[in-house]
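Enquirer: One structure is given below, represented as structure tokens, and several questions about it will come after.
The values are calculated or read from the model by the stated rules, or taken from the named source; none is laboratory data. What you see is a predicted model, and the numbers here were worked out from it, not measured in a lab. Note: ideal-geometry Cβ built from the backbone for every residue, glycine included; neighbour counts use all protein chains shown.
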Amino acid sequence: MGDVHDFRERLEWSASLSDEPSWEAFYRSIWPDINRIVQVEGRCWDQKHGIDREVVLNNGRRFTIDEKKRAKDYGDVLLEVWSVCDSDGTAITGNPETRKIGWALDDEKRCDFIVYAIPSADKAYLLPFEILRLALKSNMREWASLRGCRWPVLAKNRGYYTASIAVPWPILKDAMAAEMVRAWGEVTA
């Protein structure tokens, strides 16, 4: 935790135009019938709600995407639980109202997918956001103490910390699959 991150620098690195051909190739590998790929920039409603890109297919279907980029492959997916917190994972100044929810749990996000890219490993994950969010909510406590997961992974920023949980891909994949299957019929308490 020796590095101090600067949000603007990390954002610029993540949105680097040198990666644009790779982002486009990734999207075309999933949806070959793309009509256009729109990058969302600046301070706007879409950005505030986790939309970095919109993919529009020839048939008119649209998908909104929040792009995440990680420099090194650790064999896991780093899910941000708190985007602003104190070094022990609690709120700044001890007041829970000053905490800011991380992207992986934010129910204000309006993106369809998270694309979690690790360019150094030539790998990217296409993650349905709501399924990912539900899996994290359902499993956070268990993962926090599970061997192979790391919690909290703290990143020091200027004046605050970010707290994330590192979840190995096989564990996350299984939890997301479990969220997609439910009992049919009446819900019992």
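Enquirer: Identify all residues within the range 141-158 that are of a type outside the set (Gly, Ala, Ser), crowded, with 18+ Cβ neighbours inside 10 Å and not in a helix (DSSP H, G or I); write none if there are none.
Expert: Hits for the range 141-158 are Cys149, Trp151, Pro152, Val153.
Enquirer: Which number in (1) farther than 26 Å from Trp23 by Cα; (2) in a loop (DSSP other than H, G, I, E, B); (3) of a type outside the set (Phe, Trp, Tyr) marks the one condition that Asp106 misses?
Expert: (1)
Enquirer: If you go through the range 34-62 one residue at a time, how many are part of a strand (DSSP E or B) and closer than 26 Å to Ile165 by Cβ?
Expert: 1
Enquirer: With (1) of a type in the set (Asp, Glu); (2) over 17 Å from Gln39 (Cβ atoms); (3) touching a Pro at 6+ places or on another chain (Cβ under 8 Å) as the list, and Glu80 as the residue in question, which single condition is left unmet?
Expert: (3)
Enquirer: Another question about this same structure. Which residue, of Ser164, Ser138, is surrounded by 19 or more Cβ atoms within 10 Å (Cβ to Cβ) and either part of a strand (DSSP E or B) or at pLDDT 95 or above (or both)?
Expert: Testing whether each residue is surrounded by 19 or more Cβ atoms within 10 Å (Cβ to Cβ) and either part of a strand (DSSP E or B) or at pLDDT 95 or above (or both) leaves just Ser164.
Enquirer: From (1) over 13 Å from Thr162 (Cα atoms); (2) surrounded by fewer than 15 Cβ atoms within 10 Å (Cβ to Cβ), pick out the condition that doesn't hold for Cys111.
Expert: (2)
Enquirer: If you go through the range 139-180 one residue at a time, how many are within 16 Å of Gly102 (Cβ to Cβ) and either touching a Cys at 6+ places or on another chain (Cβ under 7 Å) or of a type outside the set (D, E, K, R) (or both)?
Expert: Residues that pass the stated criteria total 20.
Enquirer: Being at pLDDT 95 or above, under 30 Å from Leu146 (Cβ atoms) and in contact with a strand residue (DSSP E or B) (Cβ under 9 Å, 6 or more places away or on another chain) is true for just one of Tyr27, Tyr74. Which residue is that?
Expert: Going through Tyr27, Tyr74 in turn, the sole match is Tyr74.
Enquirer: Do the conditions hold for Leu172, that is, is it surrounded by fewer than 19 Cβ atoms within 10 Å (Cβ to Cβ) and out of contact with any helix residue (DSSP H, G or I) (no Cβ under 6 Å at 6 or more places or on another chain)?
Expert: no
Enquirer: A follow-up question, please. Answer with yes or no whether Lys68 is of a type in the set (Lys, Arg), assigned to a strand (DSSP E or B) and at pLDDT 90 or above.
Expert: Considered against the rule, which asks whether it is of a type in the set (Lys, Arg), assigned to a strand (DSSP E or B) and at pLDDT 90 or above, Lys68 comes out as yes.
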